[in-house]
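Participant: I have a structure I would like to understand better, so I am pasting it below and will then ask my questions one at a time.
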Amino acid sequence: MSKAQRMSLALFLVLNILAAPVAQAQRARRDVERSIEALLARMTLEEKLGQLQQLDGHADGRYKDEQPELVRKGLLGSTLNVRGVRNTNELQRIAVEESRLKIPLIFGFDVIHGYRTIFPVPLAEASSWDPASVERAAQVAAAESRAAGVHWTFAPMLDIARDARWGRIVEGSGEDPYLGAALARARVRGFQGADYSAPDRVVACAKHWVAYGAAEGGRDYNTTEVSETTLREIYFPPFRAAVEAGVGTFMSAFNDLNGVPTSANPFTLTRVLRGEWKFDGFVVSDYESVKELMNHKLADGEADAARLALGAGVDMEMVSRLYNKHGAELLRQNRLTRAEIDEAVRRILRVKFRAGLFDNPYADEARERAALMNPEHQRATREMAARSLVLLKNERETLPLDRNLRSLAVVGALADSQLDMIGSWSGDGRKEDAVTLLAALRAKLSPRTEIKFAKGCDAPCASGEGFDEAVRAARESDATVVVLGESADMSGEAASRSSLELPGRQTDLLKAIHAAGKPYVVVLMNGRPLTINWAAENSPAILETWFAGTQGGHAVADALFGDVNPGGKLPVTFPRAVGQIPLYYNHKRTGRPSDANNKYTSKYLDVAWTPLFPFGHGLSYTQFRLTGLQLSAARIPADGRMTLSVEVENTGRRAGDEVVQLYLTDAASSVTRPVKELKGFERVTLRPGEKRRVQFTLAPEHLGFYDREMRFRVEPGAFTVTVGNSSEGGLTSSFEVFEQRTPRRRVSSGRVN
Ligand code: BGC
């Protein structure tokens, strides 16, 4: 064999090896499609409608009495909340052994931030700005869920939230589409892995599709009115990222969107999701959101609601039963077609096949015992909690506290509340498992430090009766940790607030401790930004801990005493007053920019226009310096890319983390654009004195926007980049984007035509 022949043989073999997994995946896909068609051909209309039905179990994981019979008859395709291997196996056995077609059930559950081992709430995880840790958290949650018989989580929640009154802000990644998209990818990867049939993975569900977070007045379930540009640029990106990461399912939302409720909206459910994004999994409605189409007065009766939802692209109906009840009649009346029903069934079966349920319908009790609360999972949640902490303020190095304190006062009921530690949507979490800050401090400090605990008041802090005792404890101690905030049930679903103040008399309690004149620090536990103006102005140190999960107390105690150096950043803006809302960093400009010296500019009479703490803000126990911003080019074509880099140096005395953030500003464009937009970030850990060059790439996807005709394109012109450690300030530079012309023809004279 000649050298050339040997080379081409080698090339042929390499290409084949590389192509093998692709070919295998294509074969597997074809097999799945064939199996679906074979099954579909054997199904009666009732059995098809049965696959489209999801019903609720009991809160404790048991199934309801009527369900075995429904499953036996093929009239139920899925449940939610049924969990625990004994429960799921019992019901599954009926599906795969006693029903005519033996189609397995898919068991869904809200695993929002952990199954039994509870992780920090999603907004806290987002504060880590660390997709790898967030992916790991989702992976642990998936492993515990699948071991407990759950195949499918109703997460990640991808709603952008620009309004802190909305309680569900706690379930998401905050206000920014770029950060939201990065964490959407991370969570989908963590839940599903490369193949969600694996015994330690679950199917993910991107929810709530879409713009649910834009609820008017921040009032949950309220109507939304959002322009198509804002949908595409702000609310869609995390969902699109989830589709690109292979998410198996979507959940349609409760809200009305521009006049068409999202559970009956053909534009979002079919044109965008299926047409533009090629999503081939299934869409489940939110809880009774099909039936609620009647409350929206979109549907004129039950049958109409079923027709509108199914016709728009909602494949599975959660809890209400209108598809089942009216499907046959709608078909007879030609108000729904057989093809529409078949397509919904196909999508659901596709996910069931891909989840491996036909091959492995059962879960295993021994595996369940080994997985739940496994020590490795405890380490993972403690680490995640440590990475979620945001140091909002730290005057004169008040934090970390000295380990050799003779006495420490701990004030605030939240310091000792296991239930609040695990947050508002804590899966199968048990409060008994949770480590509070008080318990962690007791475990951490040596017996030489006396710990005095005084609640001050019980949530919601209506009375000041216990203040004196708390002040006495503070006076008699070397330092005080004041734990303030919201109880966990003040955020989450149906938990909107019209005030963002610390509830009850907590600010008075804080003032009383402050007046005691001894060193103290504030620890916040809350599910949304709060207007903590007094604390921000007067308290020496504030550590934002959100609801930090099963091992959260340890992580917070570690941070208070310097064993953890906080490195998180805010994924949401903290306003000064509720009246500033919506307040977000990537806002549009005005023709009358705010100017304190000119009355006729955009501002308030009674409060500054600026935030209390900006998006991206977060301090450290060490200091960092950014220098040497370099761009790979001063000019790039509209379809080109460029890299830019910056040097970050730890100039302080402790190891620590900085999140380097890249923001982009378009100098002028054919539609107005935000003042700045996050387009890159990286969390780096540096030893004292250590430097590192961090590199980012800018590509058309970062530079482009939706024009007046809703086409995504890059317009020529000048751009400014800002690289900093929050959305305010930083190093800046600019570059030019030029139009990419089609190559010019050469003429004989040698001149370019
Ligand atoms: C919530 C969803 C959740 C569903 C099932 C609804 O009320 O809006 O986020 O997945 O219930 O529990």
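Participant: Can you tell which of T79, T88 is closer than 19 Å to Y323 by Cβ and crowded, with 24+ Cβ neighbours inside 10 Å?
Facilitator: Details: T88 fails: closer than 19 Å to Y323 by Cβ.
So the residue among T79, T88 that is closer than 19 Å to Y323 by Cβ and crowded, with 24+ Cβ neighbours inside 10 Å is T79.
Participant: Separate question: Of L612, L530, L570, L583, which residue is in contact with a His (Cβ under 6 Å, 6 or more places away or on another chain) and modelled with pLDDT of 95 or more? Write out each step before concluding.
Facilitator: Numbers: L612 fails: in contact with a His (Cβ under 6 Å, 6 or more places away or on another chain); L530 fails: in contact with a His (Cβ under 6 Å, 6 or more places away or on another chain); L583 fails: in contact with a His (Cβ under 6 Å, 6 or more places away or on another chain).
Among L612, L530, L570, L583, only L570 is in contact with a His (Cβ under 6 Å, 6 or more places away or on another chain) and modelled with pLDDT of 95 or more.
Participant: Look through region 67-84, keep the residues that are aliphatic (A, V, I, L, M) and within 16 Å of the ligand (Cβ to nearest atom), and return whichever of them is nearest to L45 (Cα to Cα). Walk me through how you get there before you give the answer.
Facilitator: Let us first name the residues in region 67-84 that are aliphatic (A, V, I, L, M), namely 70-71, 75-76, 80, 82.
Next, from what is left, pick out any that are within 16 Å of the ligand (Cβ to nearest atom): 80, 82.
Working: L80: 23, V82: 26 Å.
Only one residue tops the list, namely L80.
Participant: Would you mind stating whether E469 is without any contact (Cβ under 8 Å) to a residue 40 or more places away in the chain and farther than 24 Å from D489 by Cα?
Facilitator: Values: without any contact (Cβ under 8 Å) to a residue 40 or more places away in the chain: yes; farther than 24 Å from D489 by Cα: yes.
When the stated conditions are applied, E469 passes them.
Participant: Quick check on this structure: which one of V121, V170, V134 is at pLDDT 95 or above, more than 16 Å from the ligand (Cβ to nearest atom) and open to solvent by less than 10 Å² (accessible area, probe 1.4 Å)? Reasoning before the result, please.
Facilitator: On the way: V121 fails: more than 16 Å from the ligand (Cβ to nearest atom); V170 fails: more than 16 Å from the ligand (Cβ to nearest atom).
Every option except V134 fails the conditions.
Participant: To continue, here is another question. List, please: which pairs have Cβ atoms under 6 Å, are six or more places apart or on different chains, and start with a residue in region 631-646 that is small (G, A, S) and end with one that is crowded, with 16+ Cβ neighbours inside 10 Å?
Facilitator: Matching pairs, first to second residue: S632/M642; A633/M642; A634/F735; A638/V714; A638/V737.
Participant: Can we say E501 is open to solvent by 40 Å² or more (accessible area, probe 1.4 Å) and not basic (K, R)?
Facilitator: Details: open to solvent by 40 Å² or more (accessible area, probe 1.4 Å): yes; not basic (K, R): yes.
So E501 passes the test.
Participant: Mind checking which helices (runs of 4 or more DSSP H) fall wholly inside region 82-178 and carry at least 2 residues that are within 20 Å of Q551 (Cα to Cα)? Before the answer, list the steps.
Facilitator: On the way: elements: 85-93, 122-127, 131-147.
Fully inside region 82-178 and qualifying: 122-127, 131-147.
One line per residue, one yes/no per condition, for (1) part of a loop (DSSP other than H, G, I, E, B); (2) touching a Ser or Thr at 6+ places or on another chain (Cβ under 6 Å):
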| residue | (1), (2) |
| --- | --- |
| I234 | no, no |
| P238 | no, no |
| V247 | yes, no |
| S263 | no, yes |
| F267 | no, no |
| T270 | no, no |
| L273 | no, no |
| D280 | yes, no |
| H296 | yes, no |
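Participant: Please work out if G217 is open to solvent by 10 Å² or more (accessible area, probe 1.4 Å) and not in a loop (DSSP other than H, G, I, E, B). Give the derivation first.
Facilitator: Details: open to solvent by 10 Å² or more (accessible area, probe 1.4 Å): yes; not in a loop (DSSP other than H, G, I, E, B): yes.
So G217 fits the description; yes.
Participant: Here is a further query. Suppose we keep only residues that are open to solvent by less than 10 Å² (accessible area, probe 1.4 Å) and under 14 Å from the mean Cα position of the chain (by Cα) within region 182-205. Which one would you say is farthest from the ligand (Cβ to nearest atom)?
Facilitator: Step one: of region 182-205, the residues open to solvent by less than 10 Å² (accessible area, probe 1.4 Å) are 183-184, 186, 188, 190-192, 202-205.
Within this subset, residues satisfying the condition of being under 14 Å from the mean Cα position of the chain (by Cα) are 183-184, 186, 188, 190-191, 204-205.
Values: L183: 17, A184: 15, A186: 19, V188: 16, G190: 18, F191: 14, A204: 12, C205: 8 Å.
This residue is A186.
Participant: Going by the conditions given, is Y362 of a type outside the set (S, T, N, Q) and either within 16 Å of the ligand (Cβ to nearest atom) or open to solvent by 60 Å² or more (accessible area, probe 1.4 Å) (or both)? Can you show your working first?
Facilitator: On the way: of a type outside the set (S, T, N, Q): yes; either within 16 Å of the ligand (Cβ to nearest atom) or open to solvent by 60 Å² or more (accessible area, probe 1.4 Å) (or both): yes.
Here the answer is yes, as Y362 does meet what is asked.
Participant: Within region 401-427, can you find the residues that are of a type in the set (A, V, I, L, M, F, W, C) and over 30 Å from A495 (Cβ atoms)? So that I can check it myself, show each step before the final result.
Facilitator: First, the residues of region 401-427 that are of a type in the set (A, V, I, L, M, F, W, C): 401, 405, 408-411, 413-415, 419, 421-422, 425.
L401, L405, L408, A409, listed by residue number.
Participant: Could I ask something else about it? For region 322-338, does any single residue satisfy the condition of being outside any helix (DSSP H, G or I), of a type in the set (A, V, I, L, M, F, W, C) and under 27 Å from F119 (Cβ atoms)?
Facilitator: Our first condition is that a residue be outside any helix (DSSP H, G or I); within region 322-338, this holds for 333-337.
Now drop any that are not of a type in the set (A, V, I, L, M, F, W, C), which leaves 336.
Retained after the next criterion (residues that are under 27 Å from F119 (Cβ atoms)): none.
No, region 322-338 contains no residue that is outside any helix (DSSP H, G or I), of a type in the set (A, V, I, L, M, F, W, C) and under 27 Å from F119 (Cβ atoms).
Participant: Only residues that are within 16 Å of the ligand (Cβ to nearest atom) and open to solvent by 50 Å² or more (accessible area, probe 1.4 Å): list them for region 475-495, please.
Facilitator: Of everything in region 475-495, those that are within 16 Å of the ligand (Cβ to nearest atom) and open to solvent by 50 Å² or more (accessible area, probe 1.4 Å) turn out to be D489, E493, A494.
Participant: Taking region 85-118, which residues are among the β-branched types (V, I, T) and within 16 Å of the ligand (Cβ to nearest atom)?
Facilitator: Initial filter on region 85-118 (among the β-branched types (V, I, T)): 85, 88, 94, 96, 103, 106, 111-112, 117-118.
Selection gives I106, V111, I112.
Participant: Looking at region 137-148 only, could you name the residues that are under 20 Å from E365 (Cβ atoms), open to solvent by less than 10 Å² (accessible area, probe 1.4 Å) and of a type in the set (G, A, S)? Reasoning before the result, please.
Facilitator: Step one: of region 137-148, the residues under 20 Å from E365 (Cβ atoms) are 140-148.
Filter once more, so that each one left must be open to solvent by less than 10 Å² (accessible area, probe 1.4 Å): 140-142, 144-145, 147-148.
Scanning region 137-148 gives A141, A142, S145, A147, A148.
Participant: When only residues in region 460-474 that are assigned to a helix (DSSP H, G or I) and touching a helix residue (DSSP H, G or I) at 6+ places or on another chain (Cβ under 6 Å) count, which is least open to solvent (accessible area, probe 1.4 Å)? Steps first, please.
Facilitator: Quick first cut of region 460-474, residues assigned to a helix (DSSP H, G or I) only: 467-474.
Filter once more, keeping what is touching a helix residue (DSSP H, G or I) at 6+ places or on another chain (Cβ under 6 Å): 467, 471, 474.
Numbers: F467: 18, V471: 17, A474: 2 Å².
Ranking the qualifying residues of region 460-474, first place goes to A474.
Participant: Also, quick follow-up: Going residue by residue through region 487-497, is there one that turns out to be part of a strand (DSSP E or B) and either among the hydroxyl-bearing types (S, T, Y) or in contact (Cβ under 8 Å) with a residue 40 or more places away in the chain (or both)? Even if it seems obvious, please write down each step before you answer.
Facilitator: Quick first cut of region 487-497, residues part of a strand (DSSP E or B) only: none.
Looking through region 487-497, none of the residues is part of a strand (DSSP E or B) and either among the hydroxyl-bearing types (S, T, Y) or in contact (Cβ under 8 Å) with a residue 40 or more places away in the chain (or both).
Participant: Taking the condition surrounded by fewer than 24 Cβ atoms within 10 Å (Cβ to Cβ), of a type outside the set (G, A, S) and at pLDDT 95 or above, does Y178 pass? Before the answer, list the steps.
Facilitator: Working: surrounded by fewer than 24 Cβ atoms within 10 Å (Cβ to Cβ): yes; of a type outside the set (G, A, S): yes; at pLDDT 95 or above: yes.
Here the answer is yes, as Y178 does meet what is asked.
Participant: For region 369-426, which positions are open to solvent by less than 20 Å² (accessible area, probe 1.4 Å) and at positive phi?
Facilitator: G412, G423
Participant: Here is a further query. Could you give every pair whose Cβ atoms fall below 9 Å, whose first residue belongs to region 146-162 and is polar (S, T, N, Q), and whose second residue is away from the ligand (no atom under 15 Å from the Cβ) and open to solvent by less than 10 Å² (accessible area, probe 1.4 Å), counting only separations of at least 6 or pairs across chains?
Facilitator: T153/A138; T153/A142
Participant: Here's a follow-up. Tell me, please, whether a residue that is more than 16 Å from Y323 (Cβ to Cβ) and of a type in the set (D, E, K, R) can be found in region 114-123.
Facilitator: The initial filter retains those residues of region 114-123 that are more than 16 Å from Y323 (Cβ to Cβ), namely 114-123.
Checking the rest, the ones that are also of a type in the set (D, E, K, R) come to 116.
Yes, because at least one residue in region 114-123 is more than 16 Å from Y323 (Cβ to Cβ) and of a type in the set (D, E, K, R).
Participant: Take F353 and decide whether it is open to solvent by 20 Å² or more (accessible area, probe 1.4 Å), outside the structural domain of L530 (by TED's automatic domain parsing) and not in a loop (DSSP other than H, G, I, E, B).
Facilitator: On the way: open to solvent by 20 Å² or more (accessible area, probe 1.4 Å): yes; outside the structural domain of L530 (by TED's automatic domain parsing): yes; not in a loop (DSSP other than H, G, I, E, B): yes.
Against the criterion (open to solvent by 20 Å² or more (accessible area, probe 1.4 Å), outside the structural domain of L530 (by TED's automatic domain parsing) and not in a loop (DSSP other than H, G, I, E, B)), F353 qualifies.
Participant: Pick out, from region 629-738, the strands (runs of 3 or more DSSP E) lying fully within it that include 3 or more residues that are open to solvent by 10 Å² or more (accessible area, probe 1.4 Å).
Facilitator: Working: elements: 635-637, 642-650, 656-666, 677-686, 691-698, 717-724, 731-738.
Passing ranges, in order: 642-650, 656-666, 677-686, 691-698, 717-724, 731-738.
Participant: Only one residue in T153, T223 is farther than 30 Å from E368 by Cβ and either surrounded by 21 or more Cβ atoms within 10 Å (Cβ to Cβ) or at pLDDT 95 or above (or both). Which one?
Facilitator: Residue meeting the stated conditions: T223.
Participant: Name every residue in region 606-628 that is under 24 Å from L524 (Cβ atoms) and assigned to a strand (DSSP E or B), in order of residue number.
Facilitator: Passing the criteria: F613, L619, F624.
Participant: So, in region 254-313, how many residues would count as being within 16 Å of the ligand (Cβ to nearest atom) and open to solvent by 40 Å² or more (accessible area, probe 1.4 Å)?
Facilitator: Total meeting the criteria: 6.
Participant: Which of (1) out of contact with any strand residue (DSSP E or B) (no Cβ under 7 Å at 6 or more places or on another chain); (2) surrounded by fewer than 20 Cβ atoms within 10 Å (Cβ to Cβ) does C457 not meet, given it meets every other one?
Facilitator: The failed condition is (2).
Participant: Further question: Name the residues in region 35-52 that are open to solvent by 60 Å² or more (accessible area, probe 1.4 Å) and within 36 Å of the chain's Cα centre (by Cα), would you?
Facilitator: Correct list: E37 only.
Per-residue answers, yes or no, for (1) crowded, with 24+ Cβ neighbours inside 10 Å; (2) charged (D, E, K, R):
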position	(1), (2)
A515	no, no
M525	yes, no
E537	no, yes
G549	yes, no
V564	no, no
L570	yes, no
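The values are calculated or read from the model by the stated rules, or taken from the named source; none is laboratory data. Note that the coordinates shown come from a computational prediction; the quantities given were computed from them, not determined experimentally. Neighbour counts run over all protein chains shown; Cβ positions are idealised from the backbone, glycine included. Note: areas computed on protein heavy atoms with side chains; ligands, DNA, RNA excluded. Shrake-Rupley method; radii C 1.70, N 1.55, O 1.52, S 1.80 Å.
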